[in-house]
Amino acid sequence: MKKTPYVLALALCGLTTFAHAAVPNLIPLPAQLSQSGEGFTVTAQTPIVVDASDAEARRTAEYLASLTAHTRHLPMLVKTGAPESGAIVLKRDPQAPVANAEGYTLDVTPQGIRIVARDGAGLFYGAITAWQLLTPEPGVGDVHVAPVHIRDEPRFAWRGFMLDSARHFQAPDDVRTVIDQMAQHKLNVLHWHLTDDQGWRIEIKRYPELTRIGAWRTPPTVGKQAAAPKPYGGFYTQDEIRSIVAYAAERHITVLPELDMPGHAQAAVASYPELGVTGTRPAVSPDWGVNPYLYNVDDNTLHFLQNVLDEVMALFPSTYIHVGGDEAVKDQWKASPVVQARMRALGIKTEDAMQSWFIEQMGQYLAAHNRRLIGWDEILEGGVPPSATVMSWRGTKGAIDAARLGHDVVLAPAPQLYLDSMQSDLPDETTGRLPSMSLQSYYLFEAVPKELSAAQAKHVLGLQATAFTEHMPTLRHVEHAAFPRMDALSEAAWTPSKVREWHGFLERMPAQLARYRTQDIAYADSAFAPTVDVDRNAAITSGHASVKLSNQARFGNVHYTTDGSEPGASSPLYVRPFNVNLPTTVKAIALADDGTPLAATRTRLLDLPSLRTRSTGELENCAGSDFRLRVQPTPDATSMAPTYLINVFDNCRVYRAAKLDGIASIRVETATLPRNYALAHDAKLVVNHKASTPQGELVVHLDNCKGKEIASLPLPADAPATFTLQGALAKQAGTHDLCLVFTSPITGPIWGVGAVTLLPGDAAP
């Protein structure tokens with residue numbers, strides 16, 4: 001069979017591969033891939049063969065067999081002995097034609113499937129590719145694998161995922177689920193965030209109070225509560241950590257522990273107050289954000305942390321140990337005569353330089369134990385030891401500055417690769433930060449900043465996605481945030497940039513989504529979910545609407561119905577806007593070419609009440625702040641909904657383009673939310689709207705937030721969890737923006753708006 005280039009980019013790279021429609025459903029896409037000859041059919045009688053003396057290859061073969069049995073219901077036997085025809089052969093060969101230990105070759109011929117690598121990691125990644133070839137689409141049993149010839153190796157050595165277990169604790173089995181998915185995406189560094197203000201999650205036998213006290217917090221309460229909240233938390237025993245580290249190692253993943261210092265130390269100081277600056281014992285913090293507690297800088301505190309590092313290094317064989325270094329507000333150091341005296345004794349003039357000295361003590365201690373320090377990009381402030389590696393999170397500037405100074409760097413910028421940024425602005429999206437970061441934005445991320453020279457670019461070790469879990473209380477939340485953006489990340493980290501191509505990636509996604517469903521991974525379908533858009537005010541006026549359908553990725557065949565039935569492949573295919581009369585229910589679904597759903601059906605009721613309603617995600621910020629969070633009623637919620645879009649700096653929302661002719665009143669579905677946000681120096685930016693009553697009110701202004709007051713709705717004194725505000729609006733004509741301002745004291749709750757509905761004069765109260 002003739003070898004056919006499928007995209008020009010590959011041809012320009014000197015690579016040859018399938019015709020476009022026949023590209024195997026592999027993620028990440030291999031570096032080099034081509035097709036010729038005939039394929040091979042894998043059945044339950046097909047053995048997986050490894051050398052009898054290669055125990056690591058056997059583990060990989062057994063992993064492949066178990067994965068295929070689970071996801072394809074195709075059991076296969078693992079055998080030892082000489083390679084044989086009609087088998088899947090896994091072979092280590094020091095002479096394999098790949099450049100590094102993670103590379104492999106894979107060939108599918110009529111004689112079978114043969115995977116060759118220099119080392120165990122490459123053999124494992126070859127097995128993952130073989131598994132994907134065996135799960136090309138939903139199915140059970142025998143599978144015919146097309147002929148393919150692959151020579152593959154990763155673009156970057158560091159392909160990471162950060163899991164924050166400090167803000168919300170994941171059970172060990174949940175961590176293993178994350179590790180398994182990382183392995184399937186050829187990621188190789190689990191950055192495990194284990195300590196922070198909200199919890200200390202790692203058992204340290206020498207200092208038991210770190211987990212007896214520091215692993216537990218009392219969730220915030222607000223308003224009318226049925227019962228006092230139970231302590232929330234948990235920690236990993238050293239035996240559990242050893243087990244997780246070994247589990248990851250079998251999948252060629254290094255677990256990189258992070259113990260945050262000198263800031264984000266409140267849980268540690270709550271456990272041992274002498275570690276802090278003030279000498280007082282705070283509570284383990286229930287507040288997200290930037291808390292004030294720092295470690296002291298005396299010898300006793302340094303010795304304490306070095307003892308902790310001794311136990312950490314005994315548990316984690318990773319070359320790197322992450323010491324955090326971010327968001328350390330220096331107010332306590334500035335106010336402490338003891339710290340200031342220490343600075344003078346050391347000849348240190350600024351608190352930033354003091355942090356650098358503190359980090360350097362940790363770096364020297366790690367270096368003496370043949371380990372290396374890595375920290376967030378704040379460690380650059382005040383200078384940092386040349387051996388330190390920098391993880392850039394405040395955009396890419398930290399990486400650029402560090403690489404220019406000769407430091408190795410890992411790109412993990414916010415918001416580009418922060419998984420707590422929501423995936424879309426869909427009405428049914430769950431918790432997270434805005435702006436949203438789409439699947440495409442992850443795919444197009446380039447880890448090597450263009451500002452770096454070729455020599456400086458060699459300091460870029462790779463990239464990682466970061467899952468800070470303030471607003472991800474369950475594994476389902478984490479999975480929703482991570483998948484399928486992890487697919488895009490894996491290809492950005494593994495595949496040469498000249499080979500990557502967005503539309504080809506999308507065509508490989510339906511098979512990957514099927515793999516998720518088979519494994520019960522709660523991925524987000526946000527990129528493919530249809531949106532149903534209409535001109536609200538035109539529809540209100542005319543009684544009919546022009547409907548536009550689309551999805552974020554602009555991929556798939558969108559089918560729809562208007563008769564209440566479920567849409568499918570036989571339903572009308574959307575090609576252009578269509579008209580409907582009110583009331584109508586529009587249902588839409590995006591399907592792959594084979595009819596497989598890419599996303600769940602989305603439904604929108606088009607009638608006058610719904611067109612006069614804005615949901616929480618459709619309300620905008622008031623002028624002056626772009627900060628937005630989508631949160632749940634309690635910070636430790638176990639469900640995915642409801643959610644409320646808030647601005648912690650200004651409890652104020654805008655209803656755009658309200659058609660007010662004939663409108664007599666307003667109804668606001670409201671939730672009482674805890675104001676559990678530590679804002680440090682940004683606290684001065686919180687807007688305090690003057691109230692007319694002790695508990696405050698919701699005031700509605702016309703056109704802008706300084707416009708005419710047209711309604712004032714008193715807030716309830718007992719602040720129930722959810723409630724409805726409804727009241728008259730002063731009669732208006734035409735179309736206007738409405739500014740909804742909560743005037744309650746900023747020491748009280750934040751009021752979340754679930755929905756705002758405008759009611760005509762004839763509406764029932």
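Show log10 I(q)/I(0) for segment 686-728 at q = 0.22, 0.23 Å⁻¹, two decimals, from a solvent-free Debye sum over equal Cα scatterers. Scattering profile of segment 686-728, log10 relative to I(0): -0.86, -0.92. What the Cβ-Cβ distance of Ala600 and Arg394 gives, at R0 = 30 Å and to the nearest 0.05, is a FRET efficiency of 0.25.
Among Arg58, Arg394, a tally of other beta-carbon atoms within 10 Å of each Cβ gives an order, fewest to most, of Arg394, Arg58. Estimated from helices alone, the mean residue ellipticity of the chain at 222 nm is -7000 deg cm²/dmol (sum of -39500 (n - 2.57) over DSSP H runs with n ≥ 4, per residue). Summarised as an ellipsoid, segment 178-281 has semi-axes of 30, 19, 13 Å, derived from the eigenvalues of the Cα gyration tensor scaled by 5 and square-rooted, with the largest first.
Our note on the geometry: Cα centres of segment 176-240 and segment 397-424, 25 Å apart. Principal axis extents of the Cα atoms in segment 158-495, from largest to smallest and rounded to whole angstrom, are 60, 52, 37. Look at where the Cα atoms of segment 641-664 and of segment 315-338 average out, and the two centres are 40 Å apart. Among Tyr232, Tyr295, the order by Cβ neighbours within 10 angstrom, fewest to most, reads Tyr232, Tyr295.
Give me the percent of Cα-Cα pairs in segment 376-473 that sit more than 16 Å apart, rounded to a whole number.
It works out to 56 percent of all Cα pairs.
The equivalent ellipsoid that matches the C-alpha gyration tensor of segment 550-609 spans semi-axes of 21, 11, 11 angstrom, in descending order.
As a rough footprinting exposure proxy, the listed residues Asp408, Asp260, Asp661 were ranked by other beta carbons within 10 Å of their own, and the order from fewest upward is Asp661, Asp408, Asp260. Full extension of the chain between Lys690 and Thr221 gives 166.4 nm of extra length, using 0.36 nm per residue less the Cα-Cα distance. Taking each residue as 0.36 nm, the span from Leu679 to Arg344 lengthens on full extension beyond its C-alpha to C-alpha distance by 117.6 nm. On the basis of the beta-carbon distance and an R0 of 30 Å, Glu137 and Ala82 show a calculated FRET efficiency of 0.35. Here the Karplus curve 6.51 cos²θ - 1.76 cosθ + 1.60, taken at θ = phi - 60°, turns the phi angles of segment 34-39 into couplings of 8, 10, 6, x, 10, x Hz, with x standing for Gly and Pro.
Quote the FRET efficiency, to the nearest 0.05, computed for Ser53 versus Ala157 with a Förster distance R0 of 41 Å and r equal to the Cβ-Cβ distance. After rounding, the FRET efficiency stands at 0.90. For segment 8-152, the calculated P(r), taken from all Cα-Cα distances in 5 Å bins from zero up to the bin holding the longest distance, is 2, 10, 21, 24, 22, 13, 6, 2, 0 percent. The aspartates and glutamates whose alpha-carbon is closer than 18 Å to the alpha-carbon of Lys731, local same-chain residues fewer than 8 away aside, are Asp661, Asp703, Glu709, Asp762. What the pair-distance distribution of segment 349-407 shows, using all Cα-Cα distances binned every 5 Å from zero, is 4, 21, 29, 23, 17, 5, 1 percent. Spherically averaged projected area of the convex hull of Cα atoms, segment 703-753: 4.3 nm². Per-residue Karplus couplings for segment 138-154, computed as 6.51 cos²θ - 1.76 cosθ + 1.60 with θ equal to phi - 60°, are listed in order as x, x, 9, x, 3, 9, 8, 9, 5, x, 8, 10, 10, 10, 9, 6, x Hz, Gly and Pro entered as x. For the chain, the membrane-span-like helix rule (DSSP H, alpha carbon extent of at least 15 Å along the helix axis, mean Kyte-Doolittle at least 0.0) picks out 120-134, 299-315; this says nothing about an actual membrane. Annotation: lysines with alpha-carbon distance below 26 angstrom to Lys230 (same-chain offsets under eight excluded): Lys205. Here the convex hull built on the C-alpha positions of the chain has a volume of 179 cubic angstrom per residue.
Cross-link pairs exceeding 24 Å between alpha carbons, from the set Lys349/Lys450; Lys684/Lys706; Lys659/Lys690; Lys91/Lys186; Lys91/Lys498: Lys349/Lys450; Lys659/Lys690; Lys91/Lys498.
Just so you know, all these numbers are worked out from the coordinates, no wet-lab data involved. Please read all numbers here as calculations on a predicted model, not as lab measurements. Using ideal geometry, Cβ is built from the backbone for each residue, glycine included, and neighbour counts are taken over all protein chains shown.
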